[in-house]
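> Handing you this structure, nothing more for now.
The values are calculated or read from the model by the stated rules, or taken from the named source; none is laboratory data. These numbers come from a predicted model, not from an experiment. Using ideal geometry, Cβ is built from the backbone for each residue, glycine included, and neighbour counts are taken over all protein chains shown. SASA here: full protein model, heavy atoms, side chains in, ligands and nucleic acids out. Shrake-Rupley method; radii C 1.70, N 1.55, O 1.52, S 1.80 Å.
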Amino acid sequence: TNPGFVVRITQSGLDYAHQQGIAILEKELAQLKLPDISGDSRVLRVGKVHYALSRLRLRDFHLPYSRITPTSNLGLQVSISNAFAELDGDWRVKFLFVRDHGSFNLKVENVYIKIILQLGSDTTGKPTISTSACSASISKVRVLFSGKFGWLYNLFHSAIEARLRKILENKVCDNVAKSVQNELQTYLRTLPVTARIDDKTGIDYSLVAPPRTTTQSLDADLKGEFYSLAHRSPVPFSPLPLAFPSDHDRMVYFGASSYFFNTAGIAYHKAGALVFEITEAMIPKDAGFSLDTSVFSAFIPQLEEMYPNMPMKFKLSAPTAPFLTIGPGGISFQPIVDAQAYVILPDSSLAPLFLLSLVRNVSAVINVRSGRIVGSLDVGRIRLSLKNSAVGTFQVRTMQSLMNILASSTLLPRLNARLDEGFPLPLPDRIQLSNILVKFHQNFLLLGADVHFQPQ
């Protein structure tokens, strides 16, 4: 299944996400809970030394050098090197007739951690992430004991260092897995699978396949489909393949296909939202005319006899959902609108006058604001044709200018006001976009941006 919407996170975007994740992991590792340990160390020709360590407290855990690498067909590899930590605790030792106790300080250096993050999707189309592999190695552990018998500590410190190294290596990977599950996976759950736009429509942003990694990026293919809240039905056409360009100047790119926008037209048409009325109250004061039969009598003389000086209204509706095309030159379409004219009778009932078909060239300007796709329409001259009339035949081209003014001064502002509210992009919580890029390609719109994460 081809996606209707594609999200690409570039290496710079992954690096930024990695910085945020490492900061969280540092805090998690700094809260490692280490068990009390005890044991016996047998020293040749001396005897057995019994030791016990308790109240082990990790003071800090630093991850100064790390990087994230997308790996084809594997996921994301996180490599951490030269990490270090420090902890302290209490110790107690018994050797023959000697008893001693005190505190100790443990320095852990040259910690290397390798993590493989596996990406997937669940049954609802939300992304999932888990730790498919983790390894940790510590090359240097130094224990510094405080106490009176320096020679005694040397008898068992190597055994303690070896045990602490093994415990820490296991605990590090346990905490990595918990951090990925509790922090990263929980955060990914905030990515919307569906986004309600208004009381009529929503957008389906569910994954059509698990996210995939290449050597340069992480790509997610989304359904990218608008739907009517009242009645969702299959779309009568399929998304075309997107030839996604190799741009990498921004942290994230969004590819919105012509399918994405055309399903919006279908959803709003099915929801009955593409119906507008033009009344006298909507005519701008500077238009220079009123919406009544006296104005249209100049084009249709019989109106003056049938309905002299009576108010009128127009009902505009789309007989079919608008269908647009996207190319390197931008977005363009030719919507067809039926304009039914009525006269308003003294009892407020409506009498149909004539039905016009309006065809107009329309282009769109697209941008991104506050995490939403926003836009505005620019329209060309209307072409009119008469579909039927209850007031006799007449030359529709004579009212071309008047209908242009009516549509431009009333319908267009309403459409642009709705487009200015925008449609939400698929973003997890607390993400802000900046440095926006907008480009048009064959069959899709490319949006690029840099990302800023707003911590809680």
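> Going highest first, how would you order 230-242, 418-430 by mean Cβ packing within 10 Å? Don't skip to the end; give the middle numbers.
On the way: 230-242: 12.8, 418-430: 16.2.
Output ranking for 230-242, 418-430: 418-430, 230-242.
> Regarding region 244-295, what is the average projected area of its C-alpha convex hull, in nm²?
Mean projected area of the Cα convex hull: 7.9 nm².
> Another question, then. Where Rh is the Kirkwood radius over the Cα pairs of region 11-190, the temperature 10 °C and the viscosity 1.306 mPa s, what D in µm²/s does Stokes-Einstein return? Numbers along the way, then the final one.
On the way: Rh = 18.2 Å.
In µm²/s, the coefficient rounds to 87.
> Provide Rg and Dmax in Å for the chain, with only Cα atoms included in the calculation.
Computed over the Cα atoms of the chain, radius of gyration and Dmax are 34.7, 128 Å.
> Rounded to the nearest 20 Debye, what is the dipole magnitude of region 11-190 about its Cα centre when Lys and Arg each give +1 and Asp and Glu each give -1 at the C-beta? All intermediate terms of the calculation are to be shown ahead of the outcome.
Values: 24 positive and 16 negative charges, 149 e Å.
Dipole of region 11-190, to the nearest 20 debye: 720 debye.
> Also: Which entries of 94/114; 200/439; 200/313; 171/223; 48/114 have Cα-Cα distances beyond 31 Å here?
Cα-Cα > 31 Å for 94/114; 171/223; 48/114; rest within.
> Arrange the peptides 354-362, 298-306 so that the one whose residues have, on average, the most other Cβ atoms within 10 Å appears first.
Details: 354-362: 17.8, 298-306: 15.6.
With the highest mean Cβ count within 10 Å placed first, the list reads 354-362, 298-306.
> Can you tell me the orientation of helix 11-29 relative to the chain, as the angle in degrees between its alpha-carbon axis and the longest Cα principal axis, to the nearest 10?
40
> Then there's this: Collect residues whose amide H, placed 1.01 Å from N in the peptide plane, falls under 5 Å from the amide H of residue 307; neighbours closer than 5 in sequence don't count.
Here the answer is none, since no amide H 5 or more places off falls under 5 Å of that of residue 307.
> Excluding residue 178 itself, calculate the net charge of residues whose Cβ lies under 13 Å from the Cβ of residue 178, where each Lys or Arg counts +1 and each Asp or Glu counts -1.
On the way: positive: 27, 33, 171; negative: 28, 174, 183.
Neighbour charge sum, excluding residue 178 itself: 0.
> Using θ = phi - 60° and the Karplus form 6.51 cos²θ - 1.76 cosθ + 1.60, what ³J(HN,Hα) does each residue of region 314-331 get, whole Hz, x for Gly and Pro?
Running phi through 6.51 cos²θ - 1.76 cosθ + 1.60 with θ = phi - 60° gives 10, 10, 9, 8, 9, x, 9, 5, x, 10, 10, 10, 10, x, x, x, x, 9 Hz.
> Leaving out ligands, DNA and RNA, and with a 1.4 Å probe, what % of the accessible surface on region 272-367 is carbon or sulfur? Before the final figure, lay out the partial values.
Values: 2660 of 4590 Å².
The computed percentage sits at 58.
> May I pose another question? Using Cα-Cα distances under 8 Å and only pairs 6 or more residues apart, what relative contact order does region 194-453 have, in percent?
On the way: 504 pairs, mean separation 45.8, N = 260.
Contact order relative to length: 18 percent.
> Compute the angle between helix 157-179 and the longest alpha-carbon principal axis of the chain, please, reported from 0 to 90 degrees and rounded to the nearest 10.
It is inclined by approximately 10 degrees.
> Turning to a different aspect of this structure: With every protein chain kept in place and ligands, DNA and RNA left out, what is the accessible area per residue of region 77-133? Probe 1.4 Å, answer in Å².
Numbers: 2500 Å² over 57 residues.
Using a 1.4 Å probe on heavy atoms only, each residue of region 77-133 averages 44 Å².
> Once both axes come from the Cα atoms, what is the angle between helix 258-270 and the longest principal axis of the chain, in degrees from 0 to 90, rounded to 10?
60
> May I ask for the Kirkwood hydrodynamic radius of region 163-293, worked out over all distinct Cα pairs and given in angstroms to one decimal?
On the way: mean 1/r = 0.0506 Å⁻¹.
Its Kirkwood hydrodynamic radius stands at 19.8 Å.
> For region 194-453, with the dipole built from +1 on Lys and Arg beta-carbon atoms and -1 on Asp and Glu ones, taken about the Cα centre, which of 209, 408, 352 lies farthest toward the positive end?
It is 209.
> Remind me, relative contact order of region 11-190 in percent, using alpha carbon pairs under 8 angstrom and six or more residues apart? Intermediate results must be reported in sequence, preceding the final value.
On the way: 340 pairs, mean separation 33.6, N = 180.
Normalised by residue count, the contact order of region 11-190 is 19 percent.
> Still on this structure: Per-residue HN-Hα couplings for region 99-112, Karplus 6.51 cos²θ - 1.76 cosθ + 1.60 at θ = phi - 60°, whole Hz, x for Gly and Pro?
So the Karplus estimates, Gly and Pro as x, are 10, 8, 7, x, 10, 9, 10, 10, 10, 10, 10, 6, 8, 10 Hz.
> Please compute the contact order of region 88-203 in relative form: average sequence separation of alpha-carbon pairs under 8 Å and at least six residues apart, divided by the residue count, as a percent. Let's see the in-between values first.
On the way: 147 pairs, mean separation 27.8, N = 116.
Over region 88-203, the number comes to 24 percent.
> Which of rounded, prolate, oblate describes region 194-453, given a ≥ b ≥ c as roots of the alpha-carbon gyration tensor eigenvalues and a/c under 1.5 marking rounded, otherwise prolate only if a/b is larger than b/c? The partial results should precede the final answer.
Working: a/c = 2.62, a/b = 2.49, b/c = 1.05.
Prolate.
> Count the net charge of all other residues whose Cβ sits under 13 Å from the Cβ of residue 21, scoring Lys and Arg as +1 and Asp and Glu as -1. Each step should come with its number before you reach the end.
On the way: positive: 27, 67; negative: 15, 26, 28, 183.
Neighbour charge sum, excluding residue 21 itself: -2.
> Follow-up question, since we're still on this one. Packing-wise, with mean Cβ within 10 Å as the measure, how do 442-453, 4-15 rank, highest first?
Working: 442-453: 19.2, 4-15: 21.7.
Result, highest mean first: 4-15, 442-453.
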